[in-house]
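Asker: Can you keep this structure in mind? I'll have questions shortly.
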Amino acid sequence: MHFPYNRYEKLAEPLTAYYPSDEEELANWIVQTIGKASERLTQLFERPMPDMEILVVKPEDWSLVPRSDLEEERVRRPYWTDETNPPTLVVPTEIDPTFGAITREKIAFMLYHELALAFLEEDPRPWPDESPLWADEWQFEFVAVWLSYSLNSLQGAINQDLHEQYADIFEPEPDGKTPVTVRGFDWYEDTPAEEYLCYELLLERFAVDLLARYDVGILLRFLASYRVERDVLLSDDVTSLLAAALGPGGEAWLEELVYF
């Protein structure tokens, strides 16, 4: 199946964007949001903005969007795909209600997450051949929260309504840790979307707590030791790299986090 680009309007500058004829305002806002965030990330990572196009999709065409992962088909949300050339940031006009009350701040947060993925994939340094899920995922969430703070003047959790709805996931059990932790979660093809959402909320809380104590420079220090050629990095190895990036007291602080 091919996406019906010919039925969509097209913006050519400053980014190529395809959008339904009645969603021009949304398309322009998305392009502006991506542009402002890219400026910050270009400064942070000292690399140019990745090549991309934007595709704003109405619900009836969602089954036709370019994708490489069945997970992207389950719920409507922004995602980055390299199944096209150049890669595409796909944005639904209607985001799945799983994500609670949808605001422009929430949509921007989702866009920032995918843009962080795009920038970090462009980093020429090698990824570990094998590493735990959280080793990469915390980076994207951290950047998204940082951009929400610096560009949208937000503080605390961006998905506050969801944090309240799923407050029980942050309640520690007798062993002192939450039922699912950042380091303990793993994703499989049959993992329910709600479980993955709860994992994302843990990561968001982690990013919020990190930024309450440290600045964005910890990510650059982490990447300097993480993005080197390795066959396997275990979760304890990644924890040690992150603790070193945090500096003195970092390891003890990490271990005190009930959800980590």
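The values are calculated or read from the model by the stated rules, or taken from the named source; none is laboratory data. No experiment lies behind these values; they were computed from the predicted model shown. Every residue, glycine as well, gets a Cβ built from its backbone with ideal geometry; the counts of neighbours run over all protein chains shown. Just so you know, the surface numbers come from the protein's heavy atoms only, side chains and all, with ligands and any DNA or RNA stripped out. Shrake-Rupley method; radii C 1.70, N 1.55, O 1.52, S 1.80 Å.
Asker: What is the calculated FRET efficiency for ASP136 to ASN6, with r their C-beta to C-beta distance and R₀ = 35 Å, to the nearest 0.05?
Answerer: Numbers: r = 36 Å, r/R0 = 1.03.
It comes out at approximately 0.45.
Asker: Could you pull out every residue, at least 5 positions away or on a different chain, whose amide H is within less than 5 Å of the one on GLU53? Hs are placed 1.01 Å off N in the peptide plane, and Pro or chain starts have none.
Answerer: Counting only residues 5 or more places away or on other chains, the set is THR88, LEU89.
Asker: Straight-line reach only, C-alpha to C-alpha below 30 angstrom: list the lysines that LYS177 could link to, leaving out same-chain residues fewer than 8 apart.
Answerer: Correct list for LYS177: LYS106.
Asker: Could you tell me which of rounded, prolate or oblate describes region 58-192, using a ≥ b ≥ c as the square roots of the eigenvalues of the alpha-carbon gyration tensor, with rounded for a/c under 1.5 and, failing that, prolate when a/b is larger than b/c and oblate otherwise?
Answerer: Rounded, because the longest to shortest axis ratio a/c is under 1.5.
Asker: Of the residues GLU204, GLU105, GLU189, which exhibits the maximal mean-square fluctuation in a Gaussian network model of the chain defined by a 10 Å Cα contact cut-off?
Answerer: The residue that fluctuates most here is GLU189.
Asker: Let me ask something else. Which one of HIS163, PHE140, VAL258 is farthest out on the positive end of the charge dipole of the chain, using unit charges on Cβ (Lys, Arg +1; Asp, Glu -1) and the Cα centre as origin?
Answerer: After comparing all options, I get PHE140.
Asker: Still on this structure: Between ALA224 and TRP187, what is 0.36 nm times their sequence separation minus the Cα-Cα distance? Round to one decimal in nm.
Answerer: Numbers: separation 37, 0.36 × 37 = 13.32 nm, distance 2.63 nm.
Once the chain is fully extended between ALA224 and TRP187, it gains 10.7 nm.
Asker: Can you list the aspartates and glutamates whose alpha carbon sits under 18 Å from that of LYS10, skipping same-chain ones fewer than 8 residues off?
Answerer: Counting by Cα, and skipping residues close in sequence, LYS10 has these aspartates and glutamates nearby: ASP22, GLU23, GLU24, GLU25, ASP51, GLU53, ASP61.
Asker: Treating the angle as unsigned and between 0 and 90°, give the value, to the nearest 10°, between the Cα long axis of helix 193-213 and the longest Cα principal axis of the chain.
Answerer: 60
Asker: Here's a follow-up. Given the -39500 (n - 2.57) contribution per DSSP H run of 4+ residues, what per-residue ellipticity at 222 nm results for the chain, rounded to the nearest 500 deg cm²/dmol?
Answerer: Numbers: 9 runs with 121 residues, N = 260.
So the helix-based figure for the chain works out to -15000 deg cm²/dmol.
Asker: Determine the per residue accessible area of the chain with all protein chains present and a 1.4 angstrom probe, expressed in square angstrom.
Answerer: Values: 12470 Å² over 260 residues.
Accessible surface, normalised per residue, equals 48 Å².
Asker: Return the percentage of antiparallel bridges among DSSP beta bridges fully within region 37-155, rounded to the nearest 5 %. Before the final figure, lay out each step's value.
Answerer: On the way: 3 of 8 bridges.
So the antiparallel bridges amount to about 40 percent of the total.
Asker: Of all the accessible heavy-atom surface of the chain, with the other protein chains kept in place and a 1.4 Å probe, what percent is carbon and sulfur? Write out the running numbers ahead of the final one.
Answerer: On the way: 5810 of 12470 Å².
Carbon-and-sulfur percentage of accessible area, whole number: 47.
Asker: For region 190-260, rounded, prolate or oblate, judged on the Cα gyration tensor with a ≥ b ≥ c (square roots of eigenvalues), a/c < 1.5 rounded, else prolate if a/b > b/c?
Answerer: Details: a/c = 1.86, a/b = 1.25, b/c = 1.49.
The shape class here is oblate.
Asker: Report, in debye and to the nearest 20, how large the dipole of region 124-260 comes out about its Cα centre when Lys and Arg carry +1 and Asp and Glu carry -1 on their Cβ.
Answerer: Values: 8 positive and 27 negative charges, 166 e Å.
The dipole magnitude comes to about 800 debye.
Asker: Right, here's the next one. In vacuo Debye scattering of region 127-216, one point per C-alpha: log10 I(q)/I(0) at q = 0.21 Å⁻¹?
Answerer: -1.13
Asker: Label 7 Å along Cα→Cβ of GLU105; region 127-149 residues with amide nitrogen under 15 Å?
Answerer: Residues 145-149 fall inside that zone.
Asker: Which of rounded, prolate, oblate describes region 1-121, given a ≥ b ≥ c as roots of the alpha-carbon gyration tensor eigenvalues and a/c under 1.5 marking rounded, otherwise prolate only if a/b is larger than b/c? If you can, show how the numbers build up before the last one.
Answerer: Details: a/c = 1.37, a/b = 1.29, b/c = 1.07.
Rounded, because the longest to shortest axis ratio a/c is under 1.5.
Asker: Under a no-solvent Debye model with one identical scatterer per Cα of the chain, what's log10 I(q)/I(0) at q = 0.09, 0.11, 0.17 Å⁻¹?
Answerer: Reported log10 I(q)/I(0), two decimals: -0.41, -0.62, -1.50.
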